[in-house]
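One structure is given here, and the rest of the page talks about it.
The values are calculated or read from the model by the stated rules, or taken from the named source; none is laboratory data. Since the model is a prediction, treat every value here as computed from it, not as a measurement. Using ideal geometry, Cβ is built from the backbone for each residue, glycine included, and neighbour counts are taken over all protein chains shown.
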Amino acid sequence: MNRVHVIQELIDRKKAETYLEIGFGYGDAFLNIKAPRKIVVDPKFVILKKRVLKYFAKNISKNIPNRYHRMTSDYFFERKQHILRRFPPDVIFVDGLHTHEQSLKDVFNALKFLNKNGIIVLHDCNPLSEAVAYPARSYREAKDACPSGWNGFWSGDVWKTAVYVRSKMTDLEMFVLDFDTGLGIITRKKENNPLEFSEEKIERLSYADLEKDRARLLNVKDEEYFREFVKTL
Ligand SMILES: C[S@@+](CC[C@H](N)C(=O)[O-])C[C@H]1O[C@@H](n2cnc3c(N)ncnc32)[C@H](O)[C@@H]1O
């Protein structure tokens, strides 16, 4: 199972009308996911012709009406509110800039426009090495720093956003699936078992702290749990 399967199951189960993705990458998720309306935001779209053609061929009718917004998520949420009000997303995949600050901002903004019973999926919540979790301001900065064990994958400190949501936003429930670099599933339900970290404490958390207490900090769950969760929707 990977992010595409998870998001597709959520869309299908909820009979979602609108899917919003922050961060297109190479379109591996966006172009494969099927939904009646799909919107994506990215300041730079990297279109690899071969890949796009392959996805289009597989899923052509579903990809023609896609809406592509070439801009940052901040700009989109500020300047394109009319779109979000007209088509409130049922599922939002947050996978833009991999910093704690930006991913938290994206989650806050996503919540403003998410449909009442909508779901947010936050990518990169469960980095499995210090190099992958290297806190940088951009992929380029992480790559240039080349931390020990660097393998080209960068999740940054998005995991702190999971800790933040579980500590400070207790009207939300969040768990993190233990595959595909950690898929955080956020729903509008009261959190039964919140964490108690202050903002300052979250800022000071290190990768060693995550390693020591990963299951509790992230509320880590497996594929089987997700399958049961989907039935409750
Ligand atoms: C890891 S990729 C996304 C992968 C894609 N969601 C997938 O699952 O295949 C991250 C993307 O976020 C984009 N990005 C970086 N900063 C952003 C921002 N401020 N707002 C929106 N997207 C951003 C990058 O250009 C990059 O394409």
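Sub-7 Å Cβ pairs linking a first residue in the stretch 86-99 that is more than 9 Å from ASN115 (Cβ to Cβ) and of a type in the set (Gly, Ala, Ser) to a second residue that is near the ligand (Cβ under 6 Å from one of its atoms) and in a strand (DSSP E or B), at least 6 apart or interchain, are GLY96/ILE22, ordered by first then second residue. Of all residue pairs spaced 6 or more apart or on separate chains, those with beta-carbon atoms under 8 Å, a first member in the stretch 32-52 that is more than 21 Å from ASP74 (Cα to Cα) and a second member that is surrounded by 15 or more Cβ atoms within 10 Å (Cβ to Cβ) and of a type in the set (Lys, Arg) are LYS34/LYS62; ALA35/LYS62.
If you check ALA57 against the conditions, is it at pLDDT 95 or above and either outside any strand (DSSP E or B) or more than 9 Å from the ligand (Cβ to nearest atom) (or both)? No: the conditions fail for ALA57. Scanning the stretch 5-39 for residues that are near the ligand (Cβ under 8 Å from one of its atoms) and not in a loop (DSSP other than H, G, I, E, B) gives GLU21, ILE22. Whether a residue is surrounded by 16 or more Cβ atoms within 10 Å (Cβ to Cβ), over 23 Å from GLU223 (Cβ atoms), modelled with pLDDT under 95 and within 8 Å of the ligand (Cβ to nearest atom) was assessed, and GLY96 does not pass this test. Which of the helices (runs of 4 or more DSSP H) found entirely inside the stretch 110-215 contain at least 2 residues meeting this: under 17 Å from the mean Cα position of the chain (by Cα), surrounded by 13 or more Cβ atoms within 10 Å (Cβ to Cβ) and not aromatic (Phe, Trp, Tyr)? Passing ranges, in order: 159-168.
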